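J.: Have a look at this one before I ask anything.
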Amino acid sequence: YGTVTGVQTCALPISTLARVGYLYDNLYTNGNPKNVFVDEQGVYWIADGINGLVKGENNTYETIYLNSPSGIGAFAMDAGNSGVWVAGGGLAGTGGTNKDFGAYWLNDNSWKSFDMRTDSIFRSLPDRNTISISVDPSNGKHAFVGTRGSGLLEYGENGIENVYNQNNSTIMPI
């Protein structure tokens, strides 16, 4: 199998992925490499199952954030005067899907994601499956997101502002 040291410009075959994963697991946060490409300048471009695209150069690793939502889920959407909001969770039959993609907001051609990495309030919720969304008609930078088990989330342009549930509102679990 060998290591990636000295690899010329090429995509590494599937048979080397386990070794690549072993080499990179401890070099950047939450490493879960799936494939890697080494360019002519020796820069490693890592397709990572948790971090997305990671650039490795001179023993430093940087997550590249593309202008896109951070997750792949899109269960519900609503639009307002300041863009489109998306709830990234889902349902399967009568149960949830345990998707914790959070919510995304497209405003002025730029995506903003509110998820496990970017929103500490969202990260602290016992159920992070977002399944419904409604944009405030008077303020498109303000939305409400329903979850399967953590109540109603009130979002502003920087993330969750309030969580409404059976402990602080008239909302009752089913």
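J.: Looking for whichever is modelled with pLDDT of 90 or more, charged (D, E, K, R) and surrounded by fewer than 13 Cβ atoms within 10 Å (Cβ to Cβ) here; the options are Asp108, Asp39, Asp78. Which one fits?
T.: Step by step, each of Asp108, Asp39, Asp78 is checked, and only Asp108 is modelled with pLDDT of 90 or more, charged (D, E, K, R) and surrounded by fewer than 13 Cβ atoms within 10 Å (Cβ to Cβ).
J.: Here is a follow-up. Taking Ile160 and the conditions (1) over 25 Å from Thr29 (Cα atoms); (2) in contact with a Leu (Cβ under 8 Å, 6 or more places away or on another chain), which numbered condition does it fall short on, given that it satisfies the others?
T.: Only one criterion in (1) over 25 Å from Thr29 (Cα atoms); (2) in contact with a Leu (Cβ under 8 Å, 6 or more places away or on another chain) is unmet by Ile160, namely (1).
J.: Looking at segment 57-66, can you tell me whether even one residue there is more than 30 Å from Gln41 (Cβ to Cβ) and either over 18 Å from the mean Cα position of the chain (by Cα) or in a strand (DSSP E or B) (or both)?
T.: no
J.: Collect the residues in segment 122-166 that are of a type in the set (Ser, Thr, Tyr) and either open to solvent by 30 Å² or more (accessible area, probe 1.4 Å) or in contact with a Ser or Thr (Cβ under 8 Å, 6 or more places away or on another chain) (or both), keeping them in residue-number order.
T.: Scanning segment 122-166 gives Ser124, Thr130, Ser132, Ser134, Ser138, Thr147, Tyr164.
J.: Another question, then. Does Tyr155 meet the test of being touching a strand residue (DSSP E or B) at 6+ places or on another chain (Cβ under 6 Å) and over 21 Å from Ala74 (Cα atoms)?
T.: no
J.: Suppose we filter Ser124, Ser113, Ser134, Ser120 for residues that are more than 18 Å from the chain's Cα centre (by Cα) and among the hydroxyl-bearing types (Ser, Thr, Tyr); which single one remains?
T.: The match here is Ser134.
J.: Do we have Leu91 as hydrophobic (A, V, I, L, M, F, W, C), open to solvent by 20 Å² or more (accessible area, probe 1.4 Å) and closer than 23 Å to Ile174 by Cβ here?
T.: Yes: the conditions hold for Leu91.
The values are calculated or read from the model by the stated rules, or taken from the named source; none is laboratory data. What you see is a predicted model, and the numbers here were worked out from it, not measured in a lab. Please note: Cβ atoms are built from the backbone with ideal geometry, for glycine as well, and neighbour counts cover all protein chains shown. Just so you know, the surface numbers come from the protein's heavy atoms only, side chains and all, with ligands and any DNA or RNA stripped out. Shrake-Rupley method; radii C 1.70, N 1.55, O 1.52, S 1.80 Å.
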